[in-house]
Amino acid sequence: MLYGGDYIKERFKKTILKNSKWETIQRNNWNPEIGDKIEGKLISVTKSEGNFIINIYVLLTSENKKVKVFGCTHLDELMDEVEINDYLRITYNGLKKTSNGYSMKIFNVERRINDEE
């Protein structure tokens, strides 16, 4: 039998567990279709090193979700011009054939220049 503080802790623990709600954690990777846009504050840039080195840009959206945007040649070139904490809007514009016959993803990156949210 529990007494004093131990009894209160045990009752509190059972109440919390009984009233707990659970949320499934999912990957928040942006996989756009042509014309899709994402906007938010750039909070980090990391590199994933496997067979290829890939930049991973993490945006914090207005819904307070962290979304990963995987870099590619064109996006990486545009993202060189932005800084951490910049508020961005990225638009996926589809594929473009390069001179050597490969397909390259094309993006538009906009940075908000005023301080209003």
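The values are calculated or read from the model by the stated rules, or taken from the named source; none is laboratory data. This is a predicted model, so every value here is computed, not measured. Positions of Cβ are backbone-derived with ideal geometry, glycine not excepted, and every protein chain shown enters the neighbour counts.
Among residues that are touching a Phe, Trp or Tyr at 6+ places or on another chain (Cβ under 7 Å), surrounded by fewer than 16 Cβ atoms within 10 Å (Cβ to Cβ) and among the β-branched types (Val, Ile, Thr), ILE90 is not included.
Among the residues that make up region 45-52, is at least one of them modelled with pLDDT of 95 or more, among the β-branched types (Val, Ile, Thr), surrounded by 10 or more Cβ atoms within 10 Å (Cβ to Cβ) and assigned to a loop (DSSP other than H, G, I, E, B)? Lay out the reasoning, then the answer.
Filtering region 45-52 for residues modelled with pLDDT of 95 or more gives 45-46.
From the residues that got through so far, the ones that are among the β-branched types (Val, Ile, Thr) too are 45-46.
Subset that is surrounded by 10 or more Cβ atoms within 10 Å (Cβ to Cβ): 45-46.
Then drop every residue that is not assigned to a loop (DSSP other than H, G, I, E, B), which leaves none.
No, region 45-52 contains no residue that is modelled with pLDDT of 95 or more, among the β-branched types (Val, Ile, Thr), surrounded by 10 or more Cβ atoms within 10 Å (Cβ to Cβ) and assigned to a loop (DSSP other than H, G, I, E, B).
Can ASN55 be described as assigned to a strand (DSSP E or B) and over 18 Å from GLU110 (Cβ atoms)? So that I can check it myself, show each step before the final result.
Numbers: assigned to a strand (DSSP E or B): yes; over 18 Å from GLU110 (Cβ atoms): yes.
Here the answer is yes, as ASN55 does meet what is asked.
When only residues in region 15-30 that are surrounded by 10 or more Cβ atoms within 10 Å (Cβ to Cβ) and more than 22 Å from GLU81 (Cβ to Cβ) count, which is modelled with the highest pLDDT?
Initially, region 15-30 is screened for residues surrounded by 10 or more Cβ atoms within 10 Å (Cβ to Cβ), giving 15, 28-30.
Adding the requirement that they be more than 22 Å from GLU81 (Cβ to Cβ) leaves 15, 28-29.
On the way: THR15: 60, ASN28: 88, ASN29: 93.
The qualifying residue modelled with the highest pLDDT is ASN29.
Pairs meeting the criteria (first residue in region 100-112 and free of Cβ contacts under 8 Å to residues at least 40 places away in the same chain and surrounded by fewer than 16 Cβ atoms within 10 Å (Cβ to Cβ), second residue β-branched (Val, Ile, Thr) and in a strand (DSSP E or B), beta carbons under 8 Å, at least 6 apart or on different chains) are ASN108/ILE90; ASN108/THR91; GLU110/ILE90; GLU110/THR91. Restricting attention to region 55-111, the residues that are among the hydroxyl-bearing types (Ser, Thr, Tyr) and farther than 13 Å from TRP30 by Cα add up to 7.
Determine whether GLU63 is part of a loop (DSSP other than H, G, I, E, B), surrounded by fewer than 11 Cβ atoms within 10 Å (Cβ to Cβ) and modelled with pLDDT of 85 or more. Break it down into steps so the answer makes sense when it comes.
Details: part of a loop (DSSP other than H, G, I, E, B): yes; surrounded by fewer than 11 Cβ atoms within 10 Å (Cβ to Cβ): yes; modelled with pLDDT of 85 or more: yes.
In short, yes.
Take the residues in region 90-117 that are within 15 Å of HIS74 (Cα to Cα), out of contact with any helix residue (DSSP H, G or I) (no Cβ under 8 Å at 6 or more places or on another chain) and of a type outside the set (S, T, N, Q), then tell me which one is modelled with the lowest pLDDT. This residue is TYR102.
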